[in-house]
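*Asks:* Have a look at this one.
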Amino acid sequence: MIDAADNVTPVIGLEIHVELATATKMFCRCRNHFGDPPNTNVCPVCIGMPGVLPVMNAKAVELALKVGTALNCTVAEFTKWDRKGYYYPDLPKNYQISQYDLPLSLNGWLEAPLAEGAVKKIRIRRAHLEEDAGKNVHDHPAHTGVDLNRAGVPLLEIVTEPDMNAVEEVMSLARAMHRLVRWLGASEANMQMGQMRFEPNINLHIAHGGAIHKTPIVEVKNLNSFRALERTVEYEIHRQYEAWQADPDGFRLEKMGKQNRGYDDAREQTVFQREKEEAHDYRYFPDPDLVGVVVDRPWRERIRAGIGELPLARRGRYMDGYKLTFKEADALTQDAATGDLLDSAVAAGADAKRCVNLLLGRGAAIANERGCSIAQIGITPAALAELAGMLSGGTINATAAAKVFDTVVLESGSPMVIAREQGLLAVRDGGAIEAWVDTAIAANPQAVADVQAGGKQQKKAFGFLMGQVMQLSRGTAEPGEVQRLLRSKLGIPVTD
Amino acid sequence: MNDLSNLSALELRDAIAGGTVSAVRAVDAYLEAIARREPAVGAYNEVLAERAMEQAAAIDRKRQSGRPIGPLGGLPLAIKDNLCTSYGRTTCASKMLANFQAPYTATAVARLEAAGAIVLGKTNMDEFAMGSSTENSGFRPTANPWDASRVPGGSSGGSAAAVSARLCAAALGSDTGGSIRQPAAFCGVVGMKPTYGRVSRFGLVAYGSSLDQIGPVTQNVADCALLLGAIAGGDPADSTCLDRPVGDYLIELEKPIEHLRVGLPREFFSQALDAEIASSIRLAAEVYQSLGATIVDVSLPHSRIDVDGEGKVSSYAVACYYIVAMAEASSNLARYDGVHYGHRTARDVEDIVDLYCKTREEGFGSEVKRRILLGTYALSSGYYDAYYLKALRVRRLIKNDFDAAFGHCDLLLCPVAPTTAFRLGEKTADPLTMYLEDIYTISVNLAGLPGLSLPAGLSKTGLPIGMQLIGPVFSEDRLLRAGRMYEKASGVSGLRPEMTKK
């Protein structure tokens, strides 16, 4: 455990790799698609054959600019491509086309939400575009296979400043980044498919004996899940603290420099790989096969205009404007389309709160079953607005509305028509309700006895009988009338 | 046979189009010439006889059925072996790619074929286009058709020798520092390095990507205009190739340029230059003067050639070129590692690095290794600023000099190479001497300009002497017309070595 007498500050920066959701690769026209049989999405360009030339995918640049702009970065007016040289079998040219000294975006920030409403601004050092490498496949006893489907997929590398000081901040930033790139349509960011990968840089600043001791900076490569990121950061904080405690004079940045560690998924620990001094000399130089990219003002403005409202701003608007709770607003701003659905329904005249209840009730449940976002379950803004309007006008009760919602999602169509066809419209007719009340009372003598006995069981038993009546009416009975009739027939006071 | 090899490409084209010669007969005649003279020259790495005959028969059928056969219909051409073809092999004269078959065809070659040309074969070269004599071929050297004991120049030595010995109607080469123009000069033929970005590099195996250009090697200036017109123009597969309209370079070719101002860069006439060549260039200037041109003295200070007290030659341009070209080469050639294609060592290997090392040790020749090592060094951290960045700054200064010079003249007239064709083996021991072969040509690549090399006559010993015309970017039409003016006035055109007359 960390000794409270030592004032320990973890200092953490992140490199985040994001594969962009383009139809084709960064420098050729091969399909950018995960999961196809090995080496099926390849061509002479992305497998680096002699004499071929890369041609830039403008869509990838567009998406990267969008992310850079949303990260409040300064977007470069001129950017270029550089070659980063290193030998590896999954890198067919033995150099990677990347950006060295003139990245697309520089000096931005992203707000990492902390406790409810609070945020921490994490500075973004740069975001640059490059091509992804292929994959070495170790599924053969005597050989290593190379799958080049991923080679040349556009990859955005986002580098933060080491502004995070706790695992919670790291996780918040990582999640905010994940939400942002999906929000912008820049990436699917599916971590199991390697579409978003983290590389944290971690060390500790320990105030000890009037001096600040800095532990060696550790970089951990290629973390493919939030859990791996969280475990890595937690593990490193403790490992470095213990290593420092064991050797406070030796385990220091100035003596040991930086090192690379890998993450062992099974043991949830990091393991030593190499000292950073042994790192490659990448011999960067401008790629003569590509021309520079001029990002002129009209282009920059078009990008900015296309970004729209970002998640945190929208969440604030929902809390202030729609009077939603933090939890509700947060749930509705996980992706752009769900909020868009809500906003469209409200624009069509629906009451926001009623829409939200529908979306976060049955909507969230269905989305959860299907493993998709609420917007993807397939309800239109018009249907949502209509159903919310029926609720507001008392044409339907909440229970019946949930049934109509499910039918609309399954079959689409007008909620009003569906409710009418299925006999789910609210029933106010005293005669019909009275019949259901009588049936419920006759069928449940124990509950009736409990209610009439008063005491602890009364409330629960009354609720049970209410439920029975509503069930008999298939949710259509007007609840106020049910309550009134039940009370009068059971002989208990009409008001609480 | 003889009557056919007397024809220039343009004349042969017209004969085929007019029906007096069939494409099959044309290919047959060149195959016969190859059978007779190729053993003494060694211009080809591969002759694609069967395919060429099929193509020729197809052209003939097309013509007989009244369909157009294209502006190069039926012309048998030779292609430098660093231009990818989806048929035959593309070896770059390297053991590394000795059996490499490209699944695609270079844009320039595809355009020639689309215009009706027939690819007769792939020509020898310095390995990966690194050299000035074709002696760096990984297979064997090529002989100069004018004197078999001499080199044809390089790196496009096979293409120049093939045109000179009339083993094809015309050829394509590539020029990174003079690799079309210098062998053209050594072999008494015409060669052009177009403006950087005039011809697509797609399918040209890269050496120095910011310098490489594909260009024609031909019997005369008109043939050069014919081929250039077919290969030039934008290509979506090459971002560095400009999508700028291509005119018909033949239309105004015969029309002399009025009020032509010919600049003589004074730095190029130092004591490094062979006296006989110097006088040939001055004679050529007089020819232009007799045609009404003005001769202008211009200066290219950063392309200056210095000779010290001991006769040692030095040049900023050569130093700059070798940094830039080798840096790019070290990266371009990194892909030949035995993993995906090409040569892979047959020896046991310990690990992947051992596989890389053994494969590259076996596959590359010594000049290629030298350039990879030097280029890697120049790009290494700690040396990058002092070498690569400084070279880029020098490159800019060299380009500025040309821009300034073209404020005073329309084109430059200068030598192509400091000497005529040297003997096989004469310069192989000293790479630096070999590098100086490029002293008059590399500035043009560094500045991205077009350069035309054409014969200016023969030396006393009977070897061809070349002259070079250099123009501003995209002034190919001007260079061709000026070249044609010289040909007509001097009568020096279509030079033929003795071996073609037997």
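*Asks:* Taking the radius of gyration and the Kirkwood hydrodynamic radius from Cα positions alone, what is the Rg/Rh ratio for chain A, to two decimal places?
*Replies:* 1.10
*Asks:* When Rg is the radius of gyration of the Cα atoms in segment A:249-326 and Rh is its Kirkwood radius, what does Rg/Rh come to?
*Replies:* Using only Cα positions, Rg/Rh for segment A:249-326 is 1.24.
*Asks:* Over 18 Å between Cα atoms: which of A:LYS459/A:LYS489; A:LYS84/B:LYS358; B:LYS193/B:LYS369; A:LYS84/B:LYS369 fall into that group?
*Replies:* Cα-Cα > 18 Å for A:LYS84/B:LYS358; B:LYS193/B:LYS369; A:LYS84/B:LYS369; rest within.
*Asks:* Taking the Cα atoms of segment B:1-108 alone, what are Rg (to one decimal) and Dmax (as a whole number) in Å?
*Replies:* 15.0, 45
*Asks:* Right, another one. Roughly how many Å is it from the Cα centre of segment A:68-121 to that of segment B:219-255, as a whole number?
*Replies:* A separation of 41 Å, based on Cα centres.
*Asks:* Take the Cα pairs of segment B:246-375, get the Kirkwood Rh, then feed it into Stokes-Einstein at 25 °C and 0.890 mPa s and tell me D in µm²/s.
*Replies:* Estimated via Stokes-Einstein, D reaches 125 µm²/s.
*Asks:* Across 10 Å bins from 0, what is the distribution of all Cα-Cα pair distances for segment B:127-176, in whole percents?
*Replies:* All Cα pairs, binned at 10 Å, distribute as 31, 56, 13 percent.
*Asks:* For segment A:7-294, what percent of Cα pairs sit more than 34 Å apart?
*Replies:* 22 percent
*Asks:* Just counting partner chain Cβ atoms within 10 Å, what average do the residues of peptide A:89-97 show around their Cβ?
*Replies:* Values: counts 6, 1, 4, 6, 6, 9, 5, 0, 0.
Average per residue, whole number: 4.
*Asks:* Over segment A:20-167, what is the mean sequence separation of C-alpha contacts under 8 Å (at least six apart), divided by residue count, expressed as relative contact order in percent?
*Replies:* 25 percent
*Asks:* Can you tell me the 0 to 90 degree angle between the C-alpha axis of helix A:58-70 and the longest principal axis of chain A, rounded to 10?
*Replies:* Tilt of helix A:58-70: around 70 degrees.
*Asks:* Taking neighbour Cβ counts within 10 Å as the exposure measure, how do B:MET485, B:MET130 sort from fewest upward?
*Replies:* The most exposed by this proxy come first: B:MET485, B:MET130.
*Asks:* Taking the Cα centre of chain A as the origin, how large is its charge dipole in debye, to the nearest 20, when only Lys and Arg (+1) and Asp and Glu (-1) carry charge on their Cβ atoms?
*Replies:* So the magnitude is around 880 debye.
*Asks:* If one computes the Cα centroid of segment A:425-496 and of segment B:399-478, what distance in Å separates the two points?
*Replies:* First find each Cα centre; the distance between them is then 105 Å.
*Asks:* Using only Cα positions of segment B:406-502, each an equal point scatterer, no hydration layer, compute I(q)/I(0) via Debye at q = 0.12, 0.16, 0.19, 0.21 Å⁻¹ and quote the log10 values to two decimals.
*Replies:* -0.48, -0.81, -1.03, -1.14
*Asks:* A further question on this structure: Please provide three numbers in whole Å: the alpha-carbon extents of segment B:193-260 along the principal axes, with the largest listed first.
*Replies:* 37, 25, 22
*Asks:* What's the percent breakdown of Cα-Cα distances in chain B across 20 Å bins, shortest bin first?
*Replies:* With a bin width of 20 Å, the distribution comes to 25, 59, 15, 0.
*Asks:* Enumerate the amide H contacts of B:THR294 below 5 Å, restricted to partners 5 or more residues apart or on another chain; note that Pro and chain-start residues carry no placed amide H.
*Replies:* B:LEU260, B:ARG261, B:VAL262
*Asks:* Using a Förster distance of 56 angstrom, determine the FRET efficiency expected from the C-beta separation of A:ALA443 and A:HIS33, and round it to 0.05.
*Replies:* 0.45
*Asks:* Next up: Helix A:311-321 versus the longest principal axis of chain A: what angle, 0 to 90°, nearest 10, using Cα atoms?
*Replies:* Here the helix axis deviates by roughly 30 degrees.
*Asks:* Taking N as the number of residues in segment B:10-54, what is its Cα Rg relative to 2.2 N^0.38 Å? Display every interim value, and only then the final one.
*Replies:* Details: Rg = 11.9 Å, N = 45, 2.2 N^0.38 = 9.3 Å.
Compactness ratio reported: 1.28.
*Asks:* Helix-derived [θ] at 222 nm for chain A: sum -39500 (n - 2.57) over DSSP H runs of at least 4, divide by residue count, nearest 500?
*Replies:* -12000 deg cm²/dmol
*Asks:* Any chance you could check the Cα centroid distance between segment A:236-268 and segment B:256-300 for me, in angstrom?
*Replies:* Computed from Cα coordinates, the inter-centre distance equals 72 Å.
*Asks:* Taking 0.36 nm per residue of sequence separation and subtracting the Cα-Cα distance, how much length would be gained by fully extending the chain between B:ARG347 and B:LYS501, in nm to one decimal?
*Replies:* Length gained, B:ARG347 through B:LYS501: 50.5 nm.
*Asks:* Once the Cα atoms of segment A:309-421 are picked out, what are the Rg and Dmax in Å?
*Replies:* Cα only, segment A:309-421: 13.1, 42 Å (Rg, Dmax).
*Asks:* So how do B:CYS409, A:CYS43 line up by other beta-carbon neighbours within 10 Å, fewest first? Before the final figure, lay out each step's value.
*Replies:* Details: B:CYS409 22, A:CYS43 17.
Lowest to highest Cβ neighbour count: A:CYS43, B:CYS409.
*Asks:* Could you give the alpha-carbon Rg of segment A:37-133 over 2.2 N^0.38 Å, rounded to two decimals? Walk me through the numbers on the way to the answer.
*Replies:* Values: Rg = 17.1 Å, N = 97, 2.2 N^0.38 = 12.5 Å.
Here the answer is 1.36, to two decimals.
*Asks:* Give me the dipole magnitude in Debye, nearest 20, for the protein assembly as shown about the Cα centre, with unit charges on the beta carbon: positive for Lys and Arg, negative for Asp and Glu.
*Replies:* Result for the protein assembly as shown is approximately 1240 debye, rounded to the nearest 20.
*Asks:* Further question: Which three extents, in angstrom, do the Cα atoms of segment B:130-250 have along their principal axes, listed largest first?
*Replies:* Cα spread of segment B:130-250 along its principal axes, largest to smallest: 44, 30, 18 Å.
*Asks:* Can you work out the Karplus-derived ³J(HN,Hα) for every residue in segment A:230-245? Use 6.51 cos²θ - 1.76 cosθ + 1.60 with θ = phi - 60°, whole Hz, and x for glycine or proline.
*Replies:* With the stated coefficients, segment A:230-245 comes to 4, 5, 4, 5, 4, 4, 5, 4, 6, 4, 5, 5, 5, 5, 5, 4 Hz.
*Asks:* Continuing with this model, one more query. What do the square roots of 5 times the Cα gyration tensor eigenvalues come to for segment A:230-277, in whole Å, largest first, as semi-axes of the equivalent ellipsoid?
*Replies:* Numbers: eigenvalues 78, 40, 11 Å².
Value: 20, 14, 7 Å, ordered largest first.
*Asks:* Explain nothing, just the number: relative contact order of chain B, from Cα pairs under 8 Å at least 6 residues apart, as a whole percent. Walk me through the intermediate numbers first.
*Replies:* Values: 1217 pairs, mean separation 87.1, N = 502.
Relative contact order of chain B: 17 percent.
*Asks:* Any chance you could list the semi-axes, whole Å, largest first, of the equivalent ellipsoid that the Cα gyration tensor gives for segment A:129-263, using √(5λ)?
*Replies:* Equivalent ellipsoid of segment A:129-263: 32, 20, 12 Å, largest first.
*Asks:* Taking every alpha carbon pair in the protein assembly as shown, what does the distance histogram look like in 20 angstrom bins from 0, in percent?
*Replies:* Using 20 Å bins, I get a P(r) of 12, 33, 26, 18, 8, 4, 0 for the protein assembly as shown.
*Asks:* Continuing with this model, one more query. What number, in percent, do you get for the relative contact order of segment A:309-421 if the mean sequence gap of Cα pairs under 8 Å and at least 6 apart is divided by its residue count?
*Replies:* Values: 117 pairs, mean separation 24.0, N = 113.
Normalised by residue count, the contact order of segment A:309-421 is 21 percent.
*Asks:* Taking +1 at the Cβ of each Lys and Arg and -1 at the Cβ of each Asp and Glu, which of A:ALA432, A:VAL233, A:GLY48 sits farthest along the dipole of chain A towards its positive end, judged by Cα position relative to the Cα centre?
*Replies:* A:ALA432
*Asks:* Can you show me the helix-derived [θ] at 222 nm for chain B, built from DSSP H runs with n ≥ 4 at -39,500 (n - 2.57) apiece and divided by the number of residues, rounded to the nearest 500. Mind showing how you got there, number by number?
*Replies:* Values: 16 runs with 184 residues, N = 502.
Theoretical 222 nm ellipticity from helices: -11000 deg cm²/dmol.
*Asks:* Then there's this: What does the charge dipole of segment B:1-90 about its Cα centre add up to, to the nearest 20 debye, if the Cβ of each Lys and Arg holds +1 and the Cβ of each Asp and Glu holds -1?
*Replies:* It comes to approximately 260 debye.
*Asks:* For B:ASP306 and B:ALA49 in the same chain, what is the full-extension length gain: residue separation times 0.36 nm, less their Cα-Cα distance, in nm? Intermediate results must be reported in sequence, preceding the final value.
*Replies:* Working: separation 257, 0.36 × 257 = 92.52 nm, distance 4.85 nm.
Contour length minus the Cα-Cα distance gives 87.7 nm.
*Asks:* Consider just the alpha-carbon atoms of segment A:430-490 and return their Rg together with their Dmax, both in angstrom.
*Replies:* Rg, Dmax (Cα atoms, Å): 10.6, 31.
*Asks:* If you rank B:ASP385, A:ASP287, A:ASP264 by fewest surrounding Cβ atoms within 10 Å, what's the result? Don't jump to the answer; show the numbers that get you there.
*Replies:* Details: B:ASP385 9, A:ASP287 24, A:ASP264 14.
The order, fewest Cβ neighbours first, is B:ASP385, A:ASP264, A:ASP287.
Values in this text are rule-based calculations from the coordinates and carry no lab data. Quick caveat: nothing in here was measured; it's all calculated off a predicted structure. Methodologically, a virtual Cβ is constructed for each residue, glycine included, from the backbone with ideal geometry; neighbour enumeration extends over all protein chains shown.
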